[in-house]
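Novice: Dumping the structure here so I can ask a few things about it.
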Protein chains: 2
Amino acid sequence: MKISSILERCCHICKLPGRVMGIRVLRFSLVVILVLLLVAGALTALLPSVKEDKMLMLRREIKSQGKSTMDSFTLIMQTYNRTDLLLKLLNHYQAVPNLHKVIVVWNNIGEKAPDELWNSLGPHPIPVIFKQQTANRMRNRLQVFPELETSAVLMVDDDTLISTPDLVFAFSVWQQFPDQIVGFVPRKHVSTSSGIYSYGGFEMQAPGSGNGDQYSMVLIGASFFNSKYLEFFQRQPAAVHALIDDTQNCDDIAMNFIIAKHIGKTSGIFVKPVNMDNLEKETNSGYSGMWHRAEHALQRSYCINKLVNIYGSMPLKYSNIMISQFGFPYANYKRKI
Amino acid sequence: MKISSILERCCHICKLPGRVMGIRVLRFSLVVILVLLLVAGALTALLPSVKEDKMLMLRREIKSQGKSTMDSFTLIMQTYNRTDLLLKLLNHYQAVPNLHKVIVVWNNIGEKAPDELWNSLGPHPIPVIFKQQTANRMRNRLQVFPELETSAVLMVDDDTLISTPDLVFAFSVWQQFPDQIVGFVPRKHVSTSSGIYSYGGFEMQAPGSGNGDQYSMVLIGASFFNSKYLEFFQRQPAAVHALIDDTQNCDDIAMNFIIAKHIGKTSGIFVKPVNMDNLEKETNSGYSGMWHRAEHALQRSYCINKLVNIYGSMPLKYSNIMISQFGFPYANYKRKI
């Protein structure tokens, strides 16, 4: 039906004087609107298929990039003065399944990162980005790196070798508990009658309790955690950052505080490693890692009390859940007689 | 200020003729309302303390009954022809922390339950109810017992001795995962190229996979699960109940199907027992349990396929998470060299 004939018919009907002129204009407008709606409807019916094609193309693009945001992880490894260990470890980690990318936080200020060496020994399974830092800070590894695209971070110290089965299993556990630190090194805090806290490991099991031990932290230097916690860390009070800068320590304790506070339950889940080694003795650099400093352990206790002060409470919660992989090593669920 | 004097003053002010009479009545009403509100306000200020007292009394009552609904569990133990084992086990289980009550499902038809013997050897830490059954059915233990008051059920076979530390730990795990079966006996189903399923245990690990094993069921005969699942079981199609009655088997497989279907994830979590024993060899009854029947294992596979048929799909999901108690036995998180 032509628009003009519609209009003609309306005009014919509408040939009335005075106020009726307004009605005629109204009817004309209604007809125009009706026609426009019909046209729009027709267009809309056509559009979805165009949109669907675009969505399909987008999905294909994401898939060809390899991973979706929860299905892979980014390794963040901070390094100082142990480039021989770093390169050895990178050769191991670069081949771990579900690894999306490696970000090396290069704390060797003034020394060029080994990009050229790395590239000359390519091709590599995944991209490795060397991030030159401006100051040698422990908390450099907790920046919000723009190169990070995955929901999960795997954070590993530059002297720690974790086996591939351990990593694959722990990542699958993290996918089931994405708001917690899923890692291989449990630690605890203890409170004392004076109200002062102290930091420790398994040697600190309350004697005579006979009912096992508890942990309240999982150290981030061998763990998976949600990458959003890097943003959380950046938003913490300046006093927290200052504490970490002063001690060059305790960034991991702070992360456990932040996460426990945020989720209201224990910050981490301990996965018992089957095959995890510390390679620090193998370095030629002569440098043996921060935890060998005389004051290291005392600093950790100091940090706990300072953080309780800053946050106004002790948010860490205890857990005694230890996760292992069923059937790995073979028949590990059978009782030993 | 007396109400009468207020009224007098208002009346004095209000001595006006005609329409003003209405205003006077209005003012009088307003004053009355105001006074009532003041009285009500005074009462309200008093009430909370009365309410609080009542709440406190109610809480004290609940506490004196011992437990709140998530903090304790009910042991359901079905028994047939092994009363010597039953009584030995009851002596052990009656003292487990957080146990609210024991329900013994007495499948010895025609034989009186040992209420008198039990009572003569009192007092006992918790109530034990012997439920005489009318027919010797495997699924008798999955009834909705009116005596059951807790959210958690501990279901144990009448030949299974589980240590108290194992029970206390597994219960704490159940409290963290209350929608799943938390138990000590994992089993799996496997699918074959023909599409027919088969039932098995750890000997069925896929050879050469090198990546550990998986389980898809946790047997209910040594487990904690949510008591609401007893109601779920009762609501299942008659074909499911008939299958269990025909085989006198598979009630636990059915429960895993039901729960997996309901929660859309793996039905159970396996907790590795430290000290769990089967006492069947110690009975004087000469009766050695259903699983010794020649057809028992084949029946289990048969049941899986029948249930898939009845439900129209395979709802069981695999898991490889094995939970142990951190630090129990002592230092169990250290690596063995």
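Novice: Among the candidates A:S288, A:S209, A:S216, single out the residue that is closer than 30 Å to B:V173 by Cβ, among the polar types (S, T, N, Q) and at pLDDT below 95.
Specialist: Working: A:S288 fails: closer than 30 Å to B:V173 by Cβ; A:S216 fails: at pLDDT below 95.
When all the criteria are applied, what remains is A:S209.
Novice: If I filter region A:211-231 down to residues being over 14 Å from A:D252 (Cβ atoms) and more than 14 Å from every other protein chain (Cβ to nearest Cβ), which single residue comes out as surrounded by the fewest Cβ atoms within 10 Å (Cβ to Cβ)?
Specialist: Taking region A:211-231 and keeping what is over 14 Å from A:D252 (Cβ atoms), we get A:211-214, A:226-228, A:231.
Retained after the next criterion (residues that are more than 14 Å from every other protein chain (Cβ to nearest Cβ)): A:226-228, A:231.
Details: A:N226: 21, A:S227: 18, A:K228: 14, A:E231: 12.
Selected residue: A:E231.
Novice: Here is a list: B:K131, B:K101, B:K112. Which entry is closer than 21 Å to B:A170 by Cβ and of a type in the set (K, R)? It would help to see each step written out before you state the result.
Specialist: Details: B:K131 fails: closer than 21 Å to B:A170 by Cβ; B:K112 fails: closer than 21 Å to B:A170 by Cβ.
Answer to the check: B:K101.
Novice: Using beta carbons and a limit of 6 Å, which pairs, at least six apart or on different chains, have the first residue in region A:262-291 and among the hydroxyl-bearing types (S, T, Y) and the second one surrounded by 14 or more Cβ atoms within 10 Å (Cβ to Cβ) and assigned to a helix (DSSP H, G or I)?
Specialist: The qualifying pairs are A:S267/A:N256; A:S267/A:I259; A:S267/A:A260; A:T283/A:L85; A:S288/A:E280.
Novice: Another question, then. Report, by residue number, each residue of region A:314-333 that is more than 7 Å from chain B (Cβ to nearest Cβ), over 14 Å from A:V240 (Cβ atoms) and touching a helix residue (DSSP H, G or I) at 6+ places or on another chain (Cβ under 8 Å). I'd like the intermediate steps shown before the answer.
Specialist: Applying the first criterion (more than 7 Å from chain B (Cβ to nearest Cβ)) to region A:314-333 yields A:314-319, A:329-330, A:332.
In the following step, the residues that additionally are over 14 Å from A:V240 (Cβ atoms) were identified as A:314, A:316-319, A:329-330, A:332.
Those that are more than 7 Å from chain B (Cβ to nearest Cβ), over 14 Å from A:V240 (Cβ atoms) and touching a helix residue (DSSP H, G or I) at 6+ places or on another chain (Cβ under 8 Å): A:M314, A:L316, A:K317.
Novice: Sort out which residues of region A:162-182 are touching a Phe, Trp or Tyr at 6+ places or on another chain (Cβ under 7 Å) and aliphatic (A, V, I, L, M), and write them in order of number.
Specialist: Selection gives A:I162, A:A170, A:I181, A:V182.
Novice: Is it the case that A:L279 is out of contact with any Lys or Arg (no Cβ under 8 Å at 6 or more places or on another chain) and on the phi < 0 side of the Ramachandran plot?
Specialist: Details: out of contact with any Lys or Arg (no Cβ under 8 Å at 6 or more places or on another chain): no; on the phi < 0 side of the Ramachandran plot: yes.
Here the answer is no, as A:L279 does not meet what is asked.
Novice: Also, I was wondering about something else. If A:K265 meets every condition in (1) at pLDDT 95 or above; (2) in contact with a Leu (Cβ under 6 Å, 6 or more places away or on another chain) apart from one, which number is that one?
Specialist: Of the numbered conditions (1) at pLDDT 95 or above; (2) in contact with a Leu (Cβ under 6 Å, 6 or more places away or on another chain), the odd one out for A:K265 is (2).
Novice: Something else about it: Among the residues of region B:129-158 satisfying the criterion of being crowded, with 20+ Cβ neighbours inside 10 Å and part of a strand (DSSP E or B), which is farthest from the chain's Cα centre (by Cα)?
Specialist: Going through the qualifying residues, I end up with B:V156.
Novice: Only one of (1) part of a loop (DSSP other than H, G, I, E, B); (2) surrounded by fewer than 21 Cβ atoms within 10 Å (Cβ to Cβ); (3) out of contact with any Ser or Thr (no Cβ under 7 Å at 6 or more places or on another chain) fails for B:N332. Which number is that?
Specialist: Looking at each condition in turn, B:N332 falls short on (3).
Novice: Name the single residue, out of those in region A:243-286 being within 19 Å of the chain's Cα centre (by Cα) and within 12 Å of chain B (Cβ to nearest Cβ), that is surrounded by the fewest Cβ atoms within 10 Å (Cβ to Cβ).
Specialist: In this case the residue turns out to be A:K265.
Novice: Filter region B:171-187 down to the residues that are within 11 Å of another protein chain (Cβ to nearest Cβ) and part of a helix (DSSP H, G or I), then identify the one that is farthest from B:H292 (Cα to Cα).
Specialist: So the first thing to find is which residues in region B:171-187 are within 11 Å of another protein chain (Cβ to nearest Cβ), and the list is B:172-173, B:176-177, B:184-186.
This time we only want the ones that are part of a helix (DSSP H, G or I), so: B:172-173, B:176.
Working: B:S172: 33, B:V173: 31, B:Q176: 35 Å.
Of everything passing the filter in region B:171-187, B:Q176 is farthest from B:H292 (Cα to Cα).
Novice: Which is within 14 Å of chain B (Cβ to nearest Cβ) and among the charged types (D, E, K, R), of A:D158, A:D115, A:D166? Lay out the reasoning, then the answer.
Specialist: Working: A:D158 fails: within 14 Å of chain B (Cβ to nearest Cβ); A:D115 fails: within 14 Å of chain B (Cβ to nearest Cβ).
None of the others qualify; the one that does is A:D166.
Novice: Restricting attention to region B:235-247, does a residue exist that is touching a residue at least 12 places away in the same chain (Cβ under 8 Å), within 21 Å of B:F171 (Cα to Cα), among the β-branched types (V, I, T) and not in a strand (DSSP E or B)? Talk me through it step by step, then tell me what you get.
Specialist: We begin by selecting, within region B:235-247, every residue touching a residue at least 12 places away in the same chain (Cβ under 8 Å); these are B:236-237, B:239-241, B:243-245, B:247.
Remaining after also requiring within 21 Å of B:F171 (Cα to Cα): none.
No; the residues of region B:235-247 include none that is touching a residue at least 12 places away in the same chain (Cβ under 8 Å), within 21 Å of B:F171 (Cα to Cα), among the β-branched types (V, I, T) and not in a strand (DSSP E or B).
Novice: Tell me whether region B:19-33 contains one or more residues that are at pLDDT below 65 and not aliphatic (A, V, I, L, M). Full working, then the answer.
Specialist: Here is the first cut: in region B:19-33, the ones at pLDDT below 65 are B:19-21.
Those left that are additionally not aliphatic (A, V, I, L, M): B:19.
Yes, the conditions are met somewhere in region B:19-33.
Novice: In region A:192-206, is there at least one residue being in contact with a helix residue (DSSP H, G or I) (Cβ under 6 Å, 6 or more places away or on another chain), more than 23 Å from A:K317 (Cβ to Cβ), away from chain B (no Cβ under 14 Å) and buried (at least 21 other Cβ atoms within 10 Å of the Cβ)?
Specialist: Scanning region A:192-206 turns up no residue that is in contact with a helix residue (DSSP H, G or I) (Cβ under 6 Å, 6 or more places away or on another chain), more than 23 Å from A:K317 (Cβ to Cβ), away from chain B (no Cβ under 14 Å) and buried (at least 21 other Cβ atoms within 10 Å of the Cβ).
Novice: When you scan region A:295-310, do you find a residue that is of a type in the set (F, W, Y) and away from chain B (no Cβ under 14 Å), even just one?
Specialist: From region A:295-310, those of a type in the set (F, W, Y) are A:302; that's our starting set.
With the extra rule that they be away from chain B (no Cβ under 14 Å), the set shrinks to A:302.
Yes: region A:295-310 contains one or more residues that are of a type in the set (F, W, Y) and away from chain B (no Cβ under 14 Å).
The values are calculated or read from the model by the stated rules, or taken from the named source; none is laboratory data. What you see is a predicted model; the values in this text were computed from it and never measured. Neighbour counts are summed over all protein chains in view; Cβ atoms, including those assigned to glycine, are modelled from backbone coordinates with ideal geometry.
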